[in-house]
Structures are given as C-alpha cells and as structure tokens.
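Comments concern the structure below.
The values are calculated or read from the model by the stated rules, or taken from the named source; none is laboratory data. Not measured: the values here are computed from a predicted model. Neighbour counts run over all protein chains shown; Cβ positions are idealised from the backbone, glycine included.
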Amino acid sequence: MPLCVSCRGEYQVPTRAGQETAEQPFLCTRCGQNNQRWHEWETARFGTHFGRFFFRGIPWGLLALGSFLLPVVALAAADAITPVASVRIGIPLAILLNFVNIALLYALKDSLWRYDVLSQVKRGGFRPPLYAWAVTFFVLALVFGLALVFMIEARAGDTEARPTEGLVRVLTTVMLALTFVNVTLSAMFMAAHDYGRWLDREMPQPIYAQESRLLRVIEDGVRDRIGQATGRAEQGVAVTIVDIERTRDGGVDLVVSAEIDADGNGSLKKLQYWKITADRWGRLRKMSPEGPPQYIEVPAQDTAGAQRSGESGDGGHIVVTDEETEKSEPLWERTFKTSSETTVAIDSSSRYWME
Ligand SMILES: [Zn+2]
C-alpha cells in the first residue's frame, strides 16, 4: 500500500487505469488527505523527478551538477598547489565525494523536504533549515580555500621551502578536496530547499505542520484505543483535548479527558483524564491515566432530555442535578456542579471544564 504524503497512513489506488472502484481511491484512511496529486508525482518517471530537481526553478541544481567537475579547475594551478597539498590525491577524492553527495542528497530529496518543514514547526533543539546548511557549507568552502591560498602565497617568495610532509600534507590535501565538496554540498542544499518550496506549493504538507489535522488524528487514535480497551467502541467515547504542548521532535504532549458510558444504559458516565505522548505523525507513543476516574450519575430525566435534544450521538452529556437550575432552561446552556466541585458547562458541541 502506498503511504499518505501527509501522515504516513495508507491509501488505496484504483487497481486498473481508470478504474475507480476502490472505496475512495487516494483518500487516506487515517487523516482524510487526498493523495491523488502526490501519487501522480511519486509514480512519475525518473527523468521528470531529475528534471524538476536539477533544471527547474532557481538553477541551484544546475550549479550543483556543474560543480561536480569543478575540482578539475585545480589542475590548472597544480604547480602552485603541489608543494602544499597533493593534487594527485585531492582532486580524485573531491570528484568521488561530489558524486556521492549529489547521488545521496538527490535520493533523500523528499526526506530533506520533511526535515525542512519540521525545522519550521519544532521548538528548541538543533535543527537548522536547509538554507542555513547551504550557507554553512559555502562559508566552509571559503575558509578552506582561503587557507590553502594563504599557504601557497606564503611559500611563493621562499625558494628554500620544502613540500609539506606527513600529517600536515594529509590535512592540506583533505582541505583541498573539501573546498570543492563544500561548494557542491552548498548548491545541493539550496536545490533541495528550492525543491521543498515547490512541494510546499504543490503538495499537502506533512501532518506535523497542520496542527488541527494532527490533533484530529491523535483524538481518533485515543478514541479507538479507549474504545477497544473498554469494549465501548460502539457506544462511542467522547474525547476532549484539555492541554497540548509540541515536543522537540515535532510530536505532541497532551492531556485529554475521555468519557464513556460506564454501565451500558447511559445512567452512569466514567470520566478519565489521560496524559498522552504522540509522535509527529500522530502515532500514540505513550498513554497513561491522570488521576482517578470520576463517576458521574446521569439522572433518567436528563438522559431523556439529552436524547430529545438530539445530543446523545456521542454518548450523552455529563449531567449532574442542580436544584437551582431551572428545568425549563435548554440543556445545552446549563452549568452544573459535580460532586468533585468541577463546574461543567455544556453547549451543543463541546464541554468546558473549570476548577
Ligand atoms: Zn494521511
């Protein structure tokens, strides 16, 4: 099964060209994302991908390909460089490393896009965006290149100077290779950045960049998990998010309240708070109960009222009698006091809990 561009869930594809019999083809079963555009792109030919990455938009990719053979330029100054660093080793080394980094970064282009999106939503920690890596590698290329030029300059007027030896020669040779490799790396990271901006415009972003959708997937996961664990999946589990905090890796720490029908006939509700850690794809990593469960009686009269008002679809409201509350007042506008001194305000779509 192909994976959803947004949440890494699965989606179905029509089994044959033009056959749309798969239930809702391209629609992710987990987050509801339509993956048709992504699927067309993913299954496009190699040449289409290669062309998009290297030859379209700002020509960083073209620069990266061009810089692949840039080390050959050093051969023109081989006589001047040889006393300081080994051109014979440095140049082939640079070409080999350039080949590896172009092939590797190109293969990882989609992962680099996700990394770049993550660097925008993550809080704290060290995760510089792609353009920052590009600048860093370019500065390193300048530093290594200038260091070599200064060493060559220093020897220019000295006829007695002998070629470098041992560890110093190894280091200067590596510096010679890295001068060129860093230029290519810098261009590749800029090309990946440009490709990522194109994906941002054309494709759905990963779910960790869409907070409301991420929370909905987590909520669904929690509802399923509690429903399966308690055997109340069919009656429904009402989940309300109480508190959220994004984690350093782009996931979410959250506290939710989950309410289930405790006795099977709607007259007793069990309310439990849960502390949950989910990763950036909305997968539940840890889920532990927070405090003891609260049992809330639902008087038969109010249960009937809830049913009459059509609000019992998610398992009914939490209702606790309050003598001062006028019975004629609509149910969804009432505020109740529970036995645990928690004020419960009810409206037609959600509940708010206030100490
Ligand atoms: Zn999805």
Check your understanding: Got at least one residue in segment 69-89 being more than 16 Å from the ligand (Cβ to nearest atom), under 30 Å from Gly196 (Cβ atoms), outside the structural domain of Trp281 (by TED's automatic domain parsing) and in contact (Cβ under 8 Å) with a residue 60 or more places away in the chain?
Key -> yes
Review point. How do the pairs read when you match residues in segment 1-18 that are under 17 Å from Trp41 (Cα atoms) and more than 12 Å from the ligand (Cβ to nearest atom) with residues anywhere that are modelled with pLDDT under 90 and charged (D, E, K, R), using Cβ under 6 Å and keeping only pairs 6 or more apart or on different chains?
Key: Pro14/Glu20
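Restricting the search to segment 42-65, which residues are charged (D, E, K, R) and outside any helix (DSSP H, G or I)? I'd like the intermediate steps shown before the answer.
So the first thing to find is which residues in segment 42-65 are charged (D, E, K, R), and the list is 42, 45, 52, 56.
Within segment 42-65, Arg45, Arg56 meet the criteria.
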Check your understanding: Scanning for something within 27 Å of Asp249 (Cα to Cα), of a type outside the set (Phe, Trp, Tyr) and not in a helix (DSSP H, G or I), does segment 141-158 turn up at least one residue?
Key -> no
Review point. Got at least one residue in segment 148-168 being in contact (Cβ under 8 Å) with a residue 12 or more places away in the chain, under 24 Å from Tyr195 (Cα atoms) and out of contact with any Gly (no Cβ under 9 Å at 6 or more places or on another chain)?
Key: no
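More than 24 Å from the chain's Cα centre (by Cα), on the phi > 0 side of the Ramachandran plot, in a loop (DSSP other than H, G, I, E, B) and of a type outside the set (A, V, I, L, M): is that true of Gly32 in this structure?
On the way: more than 24 Å from the chain's Cα centre (by Cα): no; on the phi > 0 side of the Ramachandran plot: yes; in a loop (DSSP other than H, G, I, E, B): yes; of a type outside the set (A, V, I, L, M): yes.
Considered against the rule, which asks whether it is more than 24 Å from the chain's Cα centre (by Cα), on the phi > 0 side of the Ramachandran plot, in a loop (DSSP other than H, G, I, E, B) and of a type outside the set (A, V, I, L, M), Gly32 comes out as no.
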Exercise for review: Return yes or no: is His39 outside any loop (DSSP other than H, G, I, E, B), more than 16 Å from the ligand (Cβ to nearest atom) and under 24 Å from Ile207 (Cα atoms)?
Suggested key: no
Check your understanding: In the list Leu93, Leu104, Leu97, which residue meets the criterion of being out of contact with any Gly (no Cβ under 9 Å at 6 or more places or on another chain) and under 30 Å from Ser6 (Cα atoms)?
Key -> Leu104
Point to revise | Looking only at segment 247-278, and only at residues there that are surrounded by fewer than 16 Cβ atoms within 10 Å (Cβ to Cβ) and acidic (Asp, Glu), the one that is farthest from the chain's Cα centre (by Cα) | key: Asp263
Review point. Restricting attention to segment 215-244, which residues are touching a strand residue (DSSP E or B) at 6+ places or on another chain (Cβ under 7 Å) and within 16 Å of the ligand (Cβ to nearest atom)?
Key: Leu215, Ile218, Glu219, Gly221
Exercise for review: Would you check if Val117 is crowded, with 17+ Cβ neighbours inside 10 Å and either of a type in the set (Val, Ile, Thr) or modelled with pLDDT of 90 or more (or both)?
Suggested key: yes
Point to revise | Among (1) within 16 Å of the ligand (Cβ to nearest atom); (2) out of contact with any strand residue (DSSP E or B) (no Cβ under 7 Å at 6 or more places or on another chain); (3) modelled with pLDDT of 85 or more, the one test that Pro25 misses | key: (3)
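Would you confirm whether any residue within segment 272-283 is assigned to a loop (DSSP other than H, G, I, E, B), at positive phi and either assigned by TED's automatic domain parsing to the domain that holds Arg114 or modelled with pLDDT of 90 or more (or both)? Don't jump to the end; show me each part of the working.
First pass over segment 272-283, keeping only residues assigned to a loop (DSSP other than H, G, I, E, B): 279-283.
If we keep only those that are at positive phi too, we end up with 282.
Next, only the ones that are either assigned by TED's automatic domain parsing to the domain that holds Arg114 or modelled with pLDDT of 90 or more (or both) stay: 282.
Checked against the condition, which is being assigned to a loop (DSSP other than H, G, I, E, B), at positive phi and either assigned by TED's automatic domain parsing to the domain that holds Arg114 or modelled with pLDDT of 90 or more (or both), segment 272-283 yields at least one hit.
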